[in-house]
Amino acid sequence: MRSLAAVQDAGPQPDLWVAVAPKPHHAGHRERLRERAQAGGLGALPDYELLELFLFRSIPGRDVKPLAKALLARFGSLSATLGASLAELRSVPGVGEAVALDIKLLQEATLRSAKAQVARRPVISSWSALLAYVKTALAHEAREQFRVLFLDKKNQLILDEVMGHGTVDHAPVYPREVARRALELSASALILVHNHPSGDPTPSSADVEITRQVAEAARTLRIAVHDHLVVGRDGVASFKALGLL
């Protein structure tokens, strides 16, 4: 072991350098984005930054701005991105199983929140909340679904049930099955809902005919059909508002 005097006699010692990896360039961007969100509120952020902020948690060590923009470019909007299937999400480069599942979890949380707003109050008096709910649930579905909202005597939601799964342009509906289910649930009224994957919510002649059949089957049981809502990416069409019911 060398003495202190021997070390001093050896002359100046070289400086010892500790290699410190530089911070990635996106680290500062993340902090700035978080600060902006806290200062101005999340509502002030554009869609790609809101999605980027969410992806920080899914991919902690990478610049996710390009991925957020790629998702919006692929699907067209934030709501469409959330509504995409797991397989569709994974088709975007950079999206793995965990990221796709995180995005679907966000959609499910959004859907449950929207449904809670409908369930707390009579549907008829919370129509805007109902429209928000059905748009969240169906606007970006790739295949047609026929759903029935079963209501009690106070027009509060008993159950939202899918009564028919179909193809890109048709979902089978059985009026007697709808009426039977309404009896099982002691429902007093119904709101019919289905989506048009084409994006255009304009009711078709087939939509008009099946609505007539369901309304007739329900009427014999003294169950009202309040409306039939057709949901598309371009909006929601109401049979009642259009004078079709």
In the set Q107, Q38, Q117, which member is at pLDDT 85 or above, out of contact with any Cys (no Cβ under 9 Å at 6 or more places or on another chain) and outside the structural domain of I158 (by TED's automatic domain parsing)?
Q107
Does any residue of the stretch 173-188 turn out to be small (G, A, S), buried (at least 20 other Cβ atoms within 10 Å of the Cβ) and under 19 Å from S238 (Cβ atoms)?
no
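This table checks each residue for (1) modelled with pLDDT of 90 or more; (2) over 18 Å from the mean Cα position of the chain (by Cα); (3) under 20 Å from A139 (Cβ atoms); (4) in the same structural domain as L157 (by TED's automatic domain parsing).
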site: L4; (1), (2), (3), (4): no, yes, no, no
site: L53; (1), (2), (3), (4): no, no, no, no
site: R62; (1), (2), (3), (4): no, yes, no, no
site: K69; (1), (2), (3), (4): yes, no, no, no
Number of the exception - V95 against (1) hydrophobic (A, V, I, L, M, F, W, C); (2) closer than 24 Å to H196 by Cβ; (3) surrounded by 16 or more Cβ atoms within 10 Å (Cβ to Cβ):
(2)
Meets criteria (at pLDDT below 95, part of a loop (DSSP other than H, G, I, E, B), of a type outside the set (S, T, Y) and not assigned by TED's automatic domain parsing to the domain that holds V134) for L245:
yes
Matching residues in the stretch 191-245 - criterion: being more than 26 Å from the chain's Cα centre (by Cα) and among the β-branched types (V, I, T)
V208, I210, T211, V214, T220, I223, V225
Taking the condition under 24 Å from G166 (Cα atoms), surrounded by 15 or more Cβ atoms within 10 Å (Cβ to Cβ) and assigned by TED's automatic domain parsing to the domain that holds R222, does L89 pass?
no
Just give me the residues in the stretch 187-222 being polar (S, T, N, Q), outside any helix (DSSP H, G or I) and in contact with a strand residue (DSSP E or B) (Cβ under 8 Å, 6 or more places away or on another chain), in sequence order.
S188, N195, S198, T202
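Do we find that D200 is in contact with a Lys or Arg (Cβ under 9 Å, 6 or more places away or on another chain) and among the acidic types (D, E) in this structure?
The answer is yes for D200.
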Filtered residue count, the stretch 156-186, keeping only those that are part of a loop (DSSP other than H, G, I, E, B) and in contact (Cβ under 8 Å) with a residue 40 or more places away in the chain:
1
In the stretch 37-53, which residues are more than 21 Å from D63 (Cβ to Cβ) and surrounded by 11 or more Cβ atoms within 10 Å (Cβ to Cβ)?
A44
Tell me, which helices (runs of 4 or more DSSP H) wholly within the stretch 50-138 include 1 or more residues that are among the small types (G, A, S) and either in contact (Cβ under 8 Å) with a residue 12 or more places away in the chain or in contact with a strand residue (DSSP E or B) (Cβ under 6 Å, 6 or more places away or on another chain) (or both)?
65-75, 78-83, 97-119, 127-138
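The values are calculated or read from the model by the stated rules, or taken from the named source; none is laboratory data. Source: prediction; values computed, not measured. For neighbour counting, all protein chains shown are included, and Cβ atoms are generated from backbone atoms with ideal geometry for every residue, glycine included.
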